[in-house]
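The values are calculated or read from the model by the stated rules, or taken from the named source; none is laboratory data. Nothing here was measured: the structure is a model prediction, and the numbers come from that model. Neighbour counts are summed over all protein chains in view; Cβ atoms, including those assigned to glycine, are modelled from backbone coordinates with ideal geometry.
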Ligand SMILES: NC(=O)c1ccc[n+]([C@@H]2O[C@H](COP(=O)([O-])OP(=O)(O)OC[C@H]3O[C@@H](n4cnc5c(N)ncnc54)[C@H](OP(=O)(O)O)[C@@H]3O)[C@@H](O)[C@H]2O)c1
């Protein structure tokens with residue numbers, strides 16, 4: 001299945017939808033295969049012109065010519081935005097990225113026999129290096145399932161996980177990408193304090209993070225061992241580790257994961 005044979009319609013075209021669309025175009029999908037609707041028409045038209053995609057006035061228009069409709073509005077808006085368009089969605093594959101709305105919710109909400117799947121990507125899909133969590137329970141089948149697989153695989157690494165693990169998984173991948181940016185930014189600040197120019201500090205920190213991930217995934221060694229290998233007795237690293245522990249580095253991250261798991265389907269004030 002080639003990306004040029006797949007048509008995608010976005011319902012909502014904010015940060016996540018744009019990241020996904022950019023990733024699809026980068027992977028070879030013609031930008032004219034992508035339609036989108038959003039709330040603010042002028043903003044949508046401007047973004048669409050920049051990216052070469054087709055802006056649409058409403059959900060029906062964005063969905064009509066698509067094989068796959070990606071629901072990318074805030075979770076608390078999904079019901080209201082899709083309510084009057086269930087009929088057109090019944091002929092499509094609906095892929096939702098809305099955090100907290102899984103298979104059961106869509107099964108109860110959409111028309112019977114509508115094919116649907118819930119995923120939680122992170123914004124690195126923009127460069128084809130995203131992590132996409134894919135709910136184990138779904139109702140895609142046949143050619144549409146093949147199209148969805150081809151589309152999602154073009155955006156990065158995909159992991160199928162149990163329905164009840166989606167939100168905690170997204171704490172690591174969807175929210176964790178922000179925590180990792182914070183790490184890069186903070187360690188670079190430390191280097192700036194010690195006299196290094198910030199652009200160089202960012203580059204070194206980002207390259208170091210890339211290598212860290214690869215080492216964890218490919219070295220075959222336990223993370224404790226990998227850590228010990230860069231922590232000689234009385235050395236510089238253990239002094240940095242002690243400073244991080246004193247500042248609550250681990251407990252801060254553990255609390256951060258827990259904090260992300262509030263109900264995202266409720267409207268925020
Ligand atoms: N951002 C992430 O890293 C991430 C990760 C995983 C999952 N998600 C999920 O992705 C979804 C979108 O998040 P986001 O961060 O992309 O939010 P966002 O940047 O605020 O985008 C939301 C989009 O929804 C549009 N919208 C609002 N009301 C609408 C309506 N009545 N009809 C059509 N479109 C409407 C907005 O249009 P206007 O711009 O014109 O107002 C905007 O384009 C959420 O459900 C979130 O849980 C996000």
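Out of contact with any strand residue (DSSP E or B) (no Cβ under 8 Å at 6 or more places or on another chain), within 24 Å of residue 212 (Cα to Cα) and touching a residue at least 12 places away in the same chain (Cβ under 8 Å), is that true of residue 126?
Values: out of contact with any strand residue (DSSP E or B) (no Cβ under 8 Å at 6 or more places or on another chain): yes; within 24 Å of residue 212 (Cα to Cα): yes; touching a residue at least 12 places away in the same chain (Cβ under 8 Å): yes.
In short, yes.
Can you confirm whether residue 1 is more than 15 Å from the ligand (Cβ to nearest atom) and touching a residue at least 12 places away in the same chain (Cβ under 8 Å)?
On the way: more than 15 Å from the ligand (Cβ to nearest atom): yes; touching a residue at least 12 places away in the same chain (Cβ under 8 Å): yes.
Taking the combined requirement at face value, the residue satisfies it.
For the subset of the range 205-232 comprising residues that are touching a helix residue (DSSP H, G or I) at 6+ places or on another chain (Cβ under 7 Å) and assigned to a helix (DSSP H, G or I), which member is surrounded by the most Cβ atoms within 10 Å (Cβ to Cβ)? Quick ask: steps written out before the conclusion?
Initial filter on the range 205-232 (touching a helix residue (DSSP H, G or I) at 6+ places or on another chain (Cβ under 7 Å)): 205-206, 209, 215-216, 219, 223, 226, 230-231.
From what's left, assigned to a helix (DSSP H, G or I): 205-206, 209, 215-216, 223, 226.
Working: 205: 18, 206: 14, 209: 15, 215: 14, 216: 12, 223: 11, 226: 14.
Restricting to residues being touching a helix residue (DSSP H, G or I) at 6+ places or on another chain (Cβ under 7 Å) and assigned to a helix (DSSP H, G or I), the top hit is 205.
I'm checking my understanding of the structure. Among residues of the range 1-37 that are assigned to a loop (DSSP other than H, G, I, E, B) and touching a strand residue (DSSP E or B) at 6+ places or on another chain (Cβ under 8 Å), which one is surrounded by the most Cβ atoms within 10 Å (Cβ to Cβ)? Steps first, please.
Within the range 1-37, the subset assigned to a loop (DSSP other than H, G, I, E, B) is 1-2, 6-7, 12-14, 27-30.
Remaining after also requiring touching a strand residue (DSSP E or B) at 6+ places or on another chain (Cβ under 8 Å): 6-7, 12-13, 29.
Details: 6: 22, 7: 20, 12: 23, 13: 29, 29: 23.
Step by step, filter the range 1-37, then rank; the result is 13.
Looking at the range 46-69, can you tell me whether even one residue there is within 19 Å of the chain's Cα centre (by Cα) and assigned by TED's automatic domain parsing to the domain that holds residue 119? Give the derivation first.
Looking only at the range 46-69, we keep the residues that are within 19 Å of the chain's Cα centre (by Cα), and these are 68-69.
From the residues that got through so far, the ones that are assigned by TED's automatic domain parsing to the domain that holds residue 119 too are 68-69.
Yes - at least one qualifying residue is present in the range 46-69.
So which residues in the range 63-75 are in a loop (DSSP other than H, G, I, E, B) and more than 9 Å from the ligand (Cβ to nearest atom), if there are any at all?
Here is the first cut: in the range 63-75, the ones in a loop (DSSP other than H, G, I, E, B) are 65-67, 72-74.
Matches in the range 63-75: 65, 66, 67.
Right, residue 150: out of contact with any strand residue (DSSP E or B) (no Cβ under 7 Å at 6 or more places or on another chain) and either closer than 28 Å to residue 39 by Cα or in contact (Cβ under 8 Å) with a residue 60 or more places away in the chain (or both) or not?
Details: out of contact with any strand residue (DSSP E or B) (no Cβ under 7 Å at 6 or more places or on another chain): yes; either closer than 28 Å to residue 39 by Cα or in contact (Cβ under 8 Å) with a residue 60 or more places away in the chain (or both): yes.
In short, yes.
Does any residue in the range 94-110 that is at positive phi come within less than 8 Å, Cβ to Cβ, of a residue that is near the ligand (Cβ under 8 Å from one of its atoms) six or more places away or on a different chain, and which pairs are these?
100/75; 100/264
Of the residues 166, 182, which is outside any loop (DSSP other than H, G, I, E, B), within 17 Å of residue 116 (Cα to Cα) and within 16 Å of the ligand (Cβ to nearest atom)? Walk me through it before giving the result.
Numbers: 182 fails: within 17 Å of residue 116 (Cα to Cα).
Residue meeting the stated conditions: 166.
Please verify whether the range 130-138 includes one or more residues that are in a loop (DSSP other than H, G, I, E, B), surrounded by 18 or more Cβ atoms within 10 Å (Cβ to Cβ) and within 15 Å of the ligand (Cβ to nearest atom). Break it down into steps so the answer makes sense when it comes.
Step one: list which residues in the range 130-138 are in a loop (DSSP other than H, G, I, E, B), which gives 136-138.
Going one step further and asking which of them are surrounded by 18 or more Cβ atoms within 10 Å (Cβ to Cβ), we end up with 138.
Cutting the leftovers down to within 15 Å of the ligand (Cβ to nearest atom) gives us none.
No, the range 130-138 has no match at all.
Give just the number: which of (1) over 27 Å from residue 141 (Cβ atoms); (2) more than 9 Å from the ligand (Cβ to nearest atom); (3) in a helix (DSSP H, G or I) does residue 60 not satisfy?
Residue 60 satisfies all of (1) over 27 Å from residue 141 (Cβ atoms); (2) more than 9 Å from the ligand (Cβ to nearest atom); (3) in a helix (DSSP H, G or I) except (1).
Give the residue that is farthest from the ligand (Cβ to nearest atom), with candidates limited to residues of the range 76-97 that are under 15 Å from residue 7 (Cβ atoms) and assigned to a loop (DSSP other than H, G, I, E, B).
In the first step, residues of the range 76-97 are kept if they are under 15 Å from residue 7 (Cβ atoms); the result is 88-89, 91-95.
Those left that are additionally assigned to a loop (DSSP other than H, G, I, E, B): 91-92.
Details: 91: 20, 92: 16 Å.
Out of the qualifying residues, it is 91.
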